[in-house]
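What follows is a single structure, written as structure tokens, with notes after it.
Only the coordinates and a few stated rules stand behind these numbers; no lab work does. These numbers were taken from a predicted model, which means no experiment stands behind them. As a convention, Cβ positions derive from the backbone with ideal geometry for all residues, glycine included, and neighbour counts pool all protein chains shown.
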């Protein structure tokens with residue numbers, strides 16, 4: 001009996017030391033961004049945002065009360081374990097994104113994935129994670145088919161192409177009813193999965209709203225000359241042009257429009273290049289009055305969004321934008337699910353993601369909440385319109401979210 005008691009005591013002592021060691025283990029999440037290539041500025045800004053999200057989760061931030069995991073250090077349901085990010089550059093290349101995802105899963109043993117900016121990359125990367133049975137949370141890629149393939153391991157927090165398209169046509173319809181001339185629009189889209197998917201959704205929404213489309217112009221995002229496309233717009237004279245473009249090509253279009261003296265009454269940018277941190281410094285003086293879609297607004301002093309933005313600004317010297325904010329929110333949703341799972345078992349993380357039910361006041365972005373449907377799409381995402389006025393974007397639509405008055409027509413470089 002004495003020997004048995006001694007063995008039991010030894011076992012209990014060993015357990016007492018084992019649990020803290022387990023709690024100290026890190027939980028690896030793989031993240032793929034475009035850190036090089038024509039979308040590198042957006043990718044690196046997204047990386048900054050996710051790393052600040054990591055600080056919020058791993059540290060103590062009682063000032064962010066309401067944000068899941070902000071007020072505790074690490075993941076409480078996993079003994080306070082910290083998250084470790086294992087990042088990789090997909091270069092905007094779908095095959096590289098697929099290979100990096102497989103490497104992070106098989107070699108680095110990540111328990112979940114986050115990505116990917118380019119929809120074309122998200123399509124291949126999520127397919128790789130699906131085959132491996134690893135949850136993949138899509139932070140911002142918007143092509144409709146990403147969550148339309150019957151996958152069980154893919155979840156998307158942000159809005160999708162039909163949401164944007166409906167927002168654009170509803171906005172234009174309201175303007176037309178108020179007396180603004182909206183006789184036709186044009187769509188200019190880069191020709192990969194992202195641009196093609198959003199363009200198709202805009203075409204459908206315009207048809208349903210009885211808004212004629214004067215032209216749809218598809219182009220290669222790596223183009224070095226878009227003069228022909230701009231001259232085509234100049235000939236068609238649409239009342240609004242919707243650009244679905246990445247970073248370098250968005251800048252190229254504005255410079256070309258100025259050189260060819262073409263400025264439509266309004267330009268609507270579909271996030272991406274218009275939210276890139278290099279957009280305003282490079283062509284902000286040419287793009288005065290350009291509209292952009294966004295679910296991000298820094299908000300008033302004292303709000304959670306304001307506090308998060310101030311943290312980001314203090315660390316990186318600039319404000320969050322819609323793209324980087326969506327990445328941070330995606331990471332926070334994934335971290336919350338892993339904590340609720342209380343496990344690094346992918347199936348338990350998958351089940352926790354399916355059970356996600358976050359409310360608007362638990363988010364740092366302007367979604368109505370986070371709740372996934374059977375396809376993995378967040379049914380409570382949202383999008384609004386902001387306008388470049390001076391050196392910053394200001395919310396102008398819908399009216400209940402507006403912080404500034406819409407300027408129409410846009411000024412562009414003709415101040």
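What is the diffusion coefficient of segment 74-152 in µm²/s, taking the Kirkwood radius over Cα pairs and the Stokes-Einstein relation at 20 °C with a viscosity of 1.002 mPa s?
Once the numbers are plugged in, D ends up at 164 µm²/s.
At a Förster radius of 35 Å, what calculated FRET efficiency corresponds to the Cβ-Cβ distance of residue 65 and residue 403, to the nearest 0.05?
Values: r = 24 Å, r/R0 = 0.70.
Result of the calculation: an efficiency of 0.90.
I'd like the orientation of helix 94-106 relative to the chain: the angle between its Cα long axis and the longest Cα principal axis, in ° from 0 to 90, rounded to 10.
Approximately 10 degrees, to the nearest ten.
On full extension of the chain, what length is gained from residue 132 through residue 203, given 0.36 nm per residue of separation minus the C-alpha to C-alpha distance? Intermediate values should be presented prior to the final figure.
Numbers: separation 71, 0.36 × 71 = 25.56 nm, distance 3.60 nm.
Going from the current span to full extension adds 22.0 nm.
Can you give the extra length, in nm with one decimal, that the chain gains between residue 151 and residue 236 once fully stretched, where that is 0.36 nm per residue apart less the Cα-Cα distance?
Net length gain for the segment: 26.4 nm.
Modelling each spin label as a point 7 Å along the Cα-to-Cβ direction, I'd like the residue 99/residue 26 distance in nm, to one decimal.
So the two model labels end up 2.5 nm from each other.
Could you list log10 I(q)/I(0) for the chain at q = 0.09, 0.12 Å⁻¹, which the Debye formula gives when each Cα is one point scatterer?
-0.54, -0.92
Would you mind computing Rg(Cα) / (2.2 N^0.38 Å) for segment 339-382, counting N as its residues?
After normalising by residue count via 2.2 N^0.38 Å, the value is 1.21.
With springs connecting C-alpha atoms under 10 Å apart, model the chain as a Gaussian network and identify which of 189, 145, 292 has the largest mean-square fluctuation.
Fluctuation is largest for 145.
What value does segment 284-343 have for Rg/Rh, both radii from Cα atoms and Rh as Kirkwood defines it? All intermediate terms of the calculation are to be shown ahead of the outcome.
Working: Rg = 14.8 Å, Rh = 13.5 Å.
The Rg/Rh ratio comes out at 1.10.
Can you compute log10 of I(q)/I(0) for segment 257-415 with the Debye formula, treating each Cα as one identical point scatterer, at q = 0.16 Å⁻¹?
Taken in order of the listed q values, log10 I(q)/I(0) reads -0.94.
Using a Förster radius of 35 Å, what is the FRET efficiency between residue 413 and residue 313 based on their Cβ-Cβ separation? Nearest 0.05, please.
Rounded to the nearest 0.05, the efficiency is 0.80.
For segment 344-369 and segment 186-226, what is the separation of their C-alpha centers, rounded to whole Å?
Each part's Cα centre sits 32 Å from the other's.
Relative to the longest principal axis of the C-alpha atoms of the chain, give the angle of the C-alpha long axis of helix 161-177, reported between 0 and 90° and rounded to the nearest 10°.
The helix 161-177 is inclined about 40 degrees to the chain.
In nm, what is the difference between 0.36 nm times the number of residues separating residue 391 and residue 216 and their Cα-Cα distance?
Once the chain is fully extended between residue 391 and residue 216, it gains 60.0 nm.
I'd like the orientation of helix 2-24 relative to the chain: the angle between its Cα long axis and the longest Cα principal axis, in ° from 0 to 90, rounded to 10.
With rounding to tens, the tilt is 20 degrees.
7 Å from Cα along Cα→Cβ at both residue 357 and residue 224: what's the point-to-point distance in nm?
The modelled label-to-label distance comes out at 5.7 nm.
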